[in-house]
Amino acid sequence: MYRSHVLVCAGAGCISSACKAVQSALQENIDQYGLAKEVKVVETGCMGPCDLGPVVMIFPDGVFYRKLKPEDAAEIVSEHLLKGKVVTRLLHRQPGDPDQVTSFDQLDFFKRQTRIALRNTGIINPESVEEYIARDGYRALGKVLSQMTPQQVVDTIKGSGLRGRGGAGFPTGLKWELTARAAGNPKYVVCNADEGDPGAFMDRSILEGDPHSVLEAMAICGYAIGSSKGYIYVRAEYPLAVERLETAISKAREYGLMGENIFGTGFNFDVEIRVGAGAFVCGEETALLASIEGKRGEPRPKPPFPAQEGLWGKPTVINNVETFANIPPIILNGAEWFASIGTEKSKGTKVFALAGKVNNTGLVEVPMGTTLREIIFEIGGGIPGGKKFKAVQTGGPSGGCIPEEYLDTPVDYESLTKLGTIMGSGGMIIVDEDTCMVDLAKFFLEFVQEESCGKCSPCRIGTKRMLEILNRITSGQGREGDIELLEELSRGIKDSALCGLGQTAPNPVLSTLRYFRHEYEAHIRDKKCPAGACRDLLTYYINPELCRGCGLCAKECPAGAITGDKKKPHVIDAAKCVKCGTCEQKCKFNAIITV
């Protein structure tokens, strides 16, 4: 029995911040001080606050240390673990609060969350099936196999109100019921782990931090619909997730939790991993199924839907990682418990990936109906550097932006749709006053255009034409009628594109036109970027009152556009200036001004 557990976040973000070196240093010092039988170091999945990594939590104290280096390990062991003294210099300070916070449950980032899908991430060792079992793991599977009929399982999921967390929000229980009733065998369970939205990393963190929860849920789904085979489709860019999934599957088979005759009930279910090449379009369910079958990842028309004709033409359930992660708690706690969380039509919680211009980036899980203001300012800590909030992009490239006046909007499927955006898989990219909304729309359209599979011309050609217009506008060559042309193209693409990804591709443009039309007009009519972000619309100027004539800007200018005598104000030749910004970066006297 250990008196303390040192939890080291080993999610992909913290690994990139050298958490492995911190972990090794902690173990070395624990061994050196003879504490190996009293203190255990546990490698966990993502804890959530990605910008603070490497992070460590010490239990049962609950002390949270952030931005650790290997050399900090000796002090943590000698002072905290040996003497019981908290190392205050390694504690976290919340934005705008001078006081340090000792315990993780005192941090706004953690205490305002309700963790269901993320219940185990950051707490257990994802490679230990024993630790998952200790947290009620596989109890739900045991319950359905021993106490429930397949129809009772379906009814429980339907009664919970759980909707798919992959973007569309289709009722999960209804999808299972349709598949269970569909004619044809065998039937399949597919987990969509092809998370491709920029700034989204919710599913990756669950796979890396709690893979058994997904395996257990897939087996429950298999029992409910009459399937004995499942596939997890995960992108190759998630090597850590693939590795931990492979370990989890192996351990589950070893313990008889997967394979033949599970729990001695005669129920058989097994899972295979299929690694995709990372095409964004393979997040669309029919393209994903084609890829699993070894074909090119392209969507097909619907109907028939996968519930009727899915993998190899057989009835198939497709849910994403987060959706599956909610299943075991619903089975254990009941449909009413889950339905009591959230709003009337959007039940339960939702995981969001906070990214962009926000103090606390990372993963958060909150009840449906939580306002954007609470998520961004209370959990996310607000905007860094005293900058003003401008908008939040939800739903990734398929979503849209929400301006400041709607910060008090509750986050649920219906409310976001009314604002011209979608829930999506849960990405939230926050932008401040320095962000050009035309440029932001161009960024997402570039992504969609690059990732288009090319099968249908509205998406393949239409997004290309839209991107050409946006490139003109942001380079100062926009012309009257461009806004109307963007709107016309957007309507055409939404009405005629083959799949959901193509149909939602114009959303970032439409939402920025809806809320920030004046920025488009300024680019086109005044040839100005109100945010000062579009390089082609900027002019660099040297303030003669601040210039000391040091010559550093002239020396560093790659275009030779700056001239002037030593110790006298210099000037920039606008005709030669390539607007790279090097002079502004190098000037020590803030004499370079952008207009």
(1) in a loop (DSSP other than H, G, I, E, B); (2) open to solvent by less than 50 Å² (accessible area, probe 1.4 Å) all hold for Phe589 apart from (2)
Exception for Gly53 within (1) out of contact with any Cys (no Cβ under 8 Å at 6 or more places or on another chain); (2) in contact (Cβ under 8 Å) with a residue 12 or more places away in the chain falls at (1)
Given the conditions (1) over 28 Å from the mean Cα position of the chain (by Cα); (2) open to solvent by 20 Å² or more (accessible area, probe 1.4 Å), every one holds for Lys69 apart from (1)
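Being part of a loop (DSSP other than H, G, I, E, B), over 11 Å from the mean Cα position of the chain (by Cα) and in contact (Cβ under 8 Å) with a residue 40 or more places away in the chain is the requirement here; does Asn185 meet it?
yes
Counting only residues that are part of a helix (DSSP H, G or I) and in contact with a Lys or Arg (Cβ under 9 Å, 6 or more places away or on another chain), which one in segment 487-507 is nearest to Cys459 (Cα to Cα)? Spell out how you get there, then give the answer.
Here is the first cut: in segment 487-507, the ones part of a helix (DSSP H, G or I) are 487-496, 500-504, 507.
If we keep only those that are in contact with a Lys or Arg (Cβ under 9 Å, 6 or more places away or on another chain) too, we end up with 489, 502-504, 507.
Values: Leu489: 10, Gly502: 5, Gln503: 8, Thr504: 10, Asn507: 13 Å.
Ranking the qualifying residues of segment 487-507, first place goes to Gly502.
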The lone condition Val358 fails out of (1) surrounded by 24 or more Cβ atoms within 10 Å (Cβ to Cβ); (2) part of a strand (DSSP E or B) is (2)
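Looking only at segment 266-284, how many residues end up being surrounded by 13 or more Cβ atoms within 10 Å (Cβ to Cβ) and modelled with pLDDT of 95 or more? I'd like the intermediate steps shown before the answer.
Initially, segment 266-284 is screened for residues surrounded by 13 or more Cβ atoms within 10 Å (Cβ to Cβ), giving 267-271, 273-276, 278-284.
Next, from what is left, pick out any that are modelled with pLDDT of 95 or more: 267-271, 273-275.
Going through segment 266-284 one residue at a time, the tally reaches 8.
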Practice task
Could you please let me know if Ile262 is buried (at least 22 other Cβ atoms within 10 Å of the Cβ), modelled with pLDDT of 95 or more and of a type in the set (A, V, I, L, M, F, W, C)?
Solution key: yes
Original post:
Within segment 516-525, can one find any residue that is touching a residue at least 12 places away in the same chain (Cβ under 8 Å) and part of a loop (DSSP other than H, G, I, E, B)?
Top reply: no
Residues of segment 315-351 being in a loop (DSSP other than H, G, I, E, B) and surrounded by fewer than 19 Cβ atoms within 10 Å (Cβ to Cβ), in sequence order, are Gly334, Ser340, Ile341, Thr343, Glu344, Lys345
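Of the residues Ala241, Ala183, Ala193, Ala252, which is surrounded by fewer than 21 Cβ atoms within 10 Å (Cβ to Cβ) and at negative phi? Show your work before the answer.
Values: Ala241 fails: surrounded by fewer than 21 Cβ atoms within 10 Å (Cβ to Cβ); Ala193 fails: surrounded by fewer than 21 Cβ atoms within 10 Å (Cβ to Cβ); Ala252 fails: surrounded by fewer than 21 Cβ atoms within 10 Å (Cβ to Cβ).
Unique residue meeting the criteria: Ala183.
Residue-wise test of (1) in contact with an Asp or Glu (Cβ under 8 Å, 6 or more places away or on another chain); (2) in contact (Cβ under 8 Å) with a residue 12 or more places away in the chain.
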site	(1), (2)
Met57	no, yes
Glu75	no, yes
Val87	yes, yes
Leu91	no, yes
Gln94	yes, yes
Asp99	no, no
Scanning segment 85-96 for residues that are exposed (fewer than 14 other Cβ atoms within 10 Å of the Cβ) and either among the aromatic types (Phe, Trp, Tyr) or in contact with a helix residue (DSSP H, G or I) (Cβ under 9 Å, 6 or more places away or on another chain) (or both), the one nearest to Val358 (Cα to Cα) turns out to be Arg89
Among residues of segment 450-461 being assigned to a helix (DSSP H, G or I) and in contact (Cβ under 8 Å) with a residue 40 or more places away in the chain, the residue most open to solvent (accessible area, probe 1.4 Å) is Glu451
Checked pairs for segment 400-422, first touching a residue at least 12 places away in the same chain (Cβ under 8 Å), second basic (Lys, Arg) and open to solvent by 20 Å² or more (accessible area, probe 1.4 Å), C-beta under 6 Å and 6 or more apart or across chains, list as Leu407/Arg373; Asp408/Arg373; Glu414/Lys345; Gly420/Arg514
Of those in segment 1-17 that are in contact with a Lys or Arg (Cβ under 9 Å, 6 or more places away or on another chain) and open to solvent by 60 Å² or more (accessible area, probe 1.4 Å), the residue nearest to Asn360 (Cα to Cα) is His5
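The values are calculated or read from the model by the stated rules, or taken from the named source; none is laboratory data. This one's a predicted model, so the numbers in the text were calculated from it and none came from an experiment. Virtual Cβ from ideal backbone geometry, glycine too; neighbours counted across all protein chains shown. Protein only, heavy atoms only, side chains kept; ligands, DNA and RNA dropped before computing areas. Shrake-Rupley method; radii C 1.70, N 1.55, O 1.52, S 1.80 Å.
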